[in-house]
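Student: Okay, here's the structure, questions in a sec.
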Amino acid sequence: MKIGVPKEIKNHEYRVGLTPASVAELVAAGHEVLVETKAGMGIDFDDTAYTKVGAKIAPEAAAVFADSDMIVKVKEPQPGEIAMLEPRHLLFTYLHLAADKPQAEGLMKSGATCIAYETVTSNSGALPLLKPMSEVAGRMSVQVASHYLEKEQGGRGELLGGVPGVAPCKVAILGGGVSGINAAQMAVGQRADVTIYDISNERLAELDMHFGSQIKTAYASKAAIAEAVARSQVVIGAVLVPGAAAPKLVTREMLGTMMRGSVLVDIAIDQGGCFETSHATTHDDPVYEVDGVIHYCVANMPGAVARTSAFALNNATLPFVLRLANLGAEAAMKADRHLANGLNVYKGKIAFKAVADDLDLPYEAWA
């Protein structure tokens, strides 16, 4: 199969769909890989690093799309990239369609087969291709919150972990999944006062066993969340409904109860965000204020630590890329129901029900 790797063009996105090590594996398996020039420069891989392992270098994205059967990316295709997709293409990348109807409609019009990293599953019911970026985003969320609590950044001027004689900040983490537990690990490491909220009592028990007395846990009722927002200097939104839009857990009204200079970090922004006042931001302009509360809602958080993120993502995606290249999309999905769960768009139709429901678009199962 001919596999194409275009340079990412989303704002401050430096990750790359395939590292040279991944390309070497694909070439060894008999596939051709075409990489857009400078696609790996954001993580310190020049074109020579790719040619040494057997890749060919294309001068522009148009050449990559024109000469490839499968396109491997990191972030959702931008409008100019969607315009280059054809029915013969297999697109394998993050899509997050439930919060992006124009993208969904563009991909439907293209006729391409589009498999989303974020809805591929595993035997345990986990999301193995979302997990590495959720880990990065969870860990980054505390780093970001600490920064924006600084007075110079418009925050309250408080140190997350306090000092002897001065209490630490209260951190409320909404959602005890992969990103939530990673956020908690970092916040605990900075000696913050951490509470994780979740609607699964089973998950709360697991978190209690994992952290012991280092954190508190609470059932995520509306009343509990409202109380958390009012008393916390940092609220991290880490909820996830696979493939679907994130629920709005923090309302505009709740912001009025928060301390001025508090920080909200919305990890769920790729899926529309879990704060009513959230809207996607970029690394160029990452924060804004509503009612004196700082909102950090960057839609590609892991892009800020591109090298770590690219390696972590490739570790997870490469086996699936190989399977798709070796068998072709349909045969690979028939052989692996978990890969089939990643299918979001097929032959001009939405093939993932939660996406179709959220966007009010027709749903059609692929097989």
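Please treat every number below as a calculation from the coordinates, not as lab data. The structure presented is a predicted model; accordingly, all values stated were derived computationally and were not measured. Quick reminder, even Gly has a Cβ in these numbers, built from the backbone with ideal geometry, and neighbours come from all protein chains shown.
Student: Using alpha carbons only, how many degrees (0 to 90, rounded to 10) separate the axis of helix 101-110 from the longest principal axis of the chain?
Tutor: 10 degrees
Student: Can you tell me the Rg and the Dmax, both Å, for the Cα atoms in the stretch 270-367?
Tutor: Spelled out, the Cα radius of gyration and Dmax of the stretch 270-367 are 18.0, 54 Å.
Student: Follow-up question, since we're still on this one. If you find the alpha carbon centre of the stretch 3-49 and of the stretch 201-251, how far apart are they in angstrom?
Tutor: Computed from Cα coordinates, the inter-centre distance equals 37 Å.
Student: Compute the acute angle (0 to 90°) between the alpha-carbon long axis of helix 178-189 and the principal axis of greatest extent of the alpha-carbon atoms of the chain; round to the nearest 10°.
Tutor: Helix 178-189 and the main axis of the chain meet at about 50 degrees.
Student: Using θ = phi - 60° and the Karplus form 6.51 cos²θ - 1.76 cosθ + 1.60, what ³J(HN,Hα) does each residue of the stretch 192-199 get, whole Hz, x for Gly and Pro?
Tutor: 6, 8, 10, 10, 9, 10, 8, 9
Student: Give me log10 I(q)/I(0) at q = 0.19, 0.21, 0.22 Å⁻¹ for the stretch 147-256, Debye formula, one equal scatterer per alpha-carbon, no solvent.
Tutor: For the stretch 147-256, the Cα-only Debye profile gives -1.01, -1.19, -1.28.
Student: What are the residues whose amide H is under 5 Å from the amide H of G4, where those residues sit 5 or more places off or on another chain and H is modelled from the backbone?
Tutor: L34, D69, M70, I71, V72
Student: How compact is the chain by the rule of thumb for globular proteins, expressed as Cα Rg over 2.2 N^0.38 Å?
Tutor: Working: Rg = 21.0 Å, N = 367, 2.2 N^0.38 = 20.7 Å.
So the chain has a normalised radius of gyration of 1.01.
Student: I need the trypsin sites (Lys or Arg not before Pro) found in the stretch 1-97, filtered to DSSP loop residues with at most 15 other beta carbons within 10 Å of theirs. Write down the numbers at each step before the final one.
Tutor: Working: sites: K2, K7, K10, R15, K38, K52, K56, K73, K75, R88; in loops: K7, K10, R15, K38, K52, K73, K75, R88.
Within the stretch 1-97, the qualifying trypsin sites (Lys or Arg not before Pro) (loop, at most 15 other Cβ atoms within 10 Å) are K38, K52, R88.
Student: Against the longest alpha carbon principal axis of the chain, how many degrees, from 0 to 90 and to the nearest 10, is the axis of helix 131-148 turned?
Tutor: Value to nearest ten degrees: 40.
Student: So, one more: Looking at the chain as a GNM with Cα springs under 10 Å, which of T113, T51, T93 has the largest mean-square fluctuation?
Tutor: Answer for the Gaussian network model of the chain: T51.
Student: Next up: Among the GluC sites (Glu not before Pro) within the stretch 145-224, which fall in a DSSP loop and have no more than 16 other Cβ atoms within 10 Å of their own Cβ? Display every interim value, and only then the final one.
Tutor: Values: sites: E150, E152, E158, E202, E206; in loops: E150, E158.
Those satisfying the criteria are E150.
Student: In µm²/s, what is D for the stretch 210-315 at 25 °C and 0.890 mPa s, where D = kT/(6 pi eta Rh) by Stokes-Einstein and Rh is the Kirkwood radius from Cα pairs?
Tutor: Result for D is 165 µm²/s.
Student: Still on this structure, please answer the following. Using the number of other C-beta atoms within 10 angstrom as an exposure proxy, rank D100, D266 with the fewest first.
Tutor: Details: D100 20, D266 31.
In increasing order of surrounding Cβ atoms, one gets D100, D266.
Student: Taking neighbour counts of Cβ atoms within 10 Å as a proxy for exposure, in what order, fewest first, do L174, L318, L313 appear? Each step should come with its number before you reach the end.
Tutor: Details: L174 30, L318 18, L313 26.
Fewest to most other Cβ atoms nearby, the residues stand as L318, L313, L174.
Student: Per residue of the stretch 265-282, in order, report the coupling 6.51 cos²θ - 1.76 cosθ + 1.60 (Karplus, θ = phi - 60°) as ³J(HN,Hα) in whole Hz, putting x for Gly and Pro.
Tutor: 10, 9, 5, 7, 5, 4, 9, x, x, 10, 10, 4, 8, 7, 9, 4, 10, 10
Student: Per the helix-only calculation at 222 nm, which mean residue ellipticity applies to the chain, given -39500 (n - 2.57) for every DSSP H run of n ≥ 4 and division by its residues, nearest 500 deg cm²/dmol? Intermediate values should be presented prior to the final figure.
Tutor: Working: 14 runs with 129 residues, N = 367.
That calculation yields -10000 deg cm²/dmol at 222 nm.
Student: Checking a compactness column here: for the stretch 111-195, what do you get for Rg(Cα) / (2.2 N^0.38 Å), N being the number of residues? Don't skip to the end; give the middle numbers.
Tutor: On the way: Rg = 16.6 Å, N = 85, 2.2 N^0.38 = 11.9 Å.
My calculation over the Cα atoms of the stretch 111-195 gives 1.40.
Student: Looking at the stretch 248-332, which GluC sites (Glu not before Pro) are in a loop (DSSP not H, G, I, E or B) and have at most 14 other Cβ atoms within 10 Å? Please report the intermediate quantities before stating the final value.
Tutor: Working: sites: E253, E276, E289, E330; in loops: E276.
When the GluC sites (Glu not before Pro) of the stretch 248-332 are filtered for loop state and at most 14 Cβ neighbours within 10 Å, E276 remain.
Student: Could you go through the stretch 304-315 in sequence order and give the Karplus-derived ³J(HN,Hα) for each residue, using 6.51 cos²θ - 1.76 cosθ + 1.60 with θ = phi - 60°, rounded to whole Hz, and x for Gly and Pro?
Tutor: With coefficients 6.51, -1.76 and 1.60, one gets 6, 10, 4, 5, 4, 5, 5, 5, 4, 5, 4, 4 Hz.
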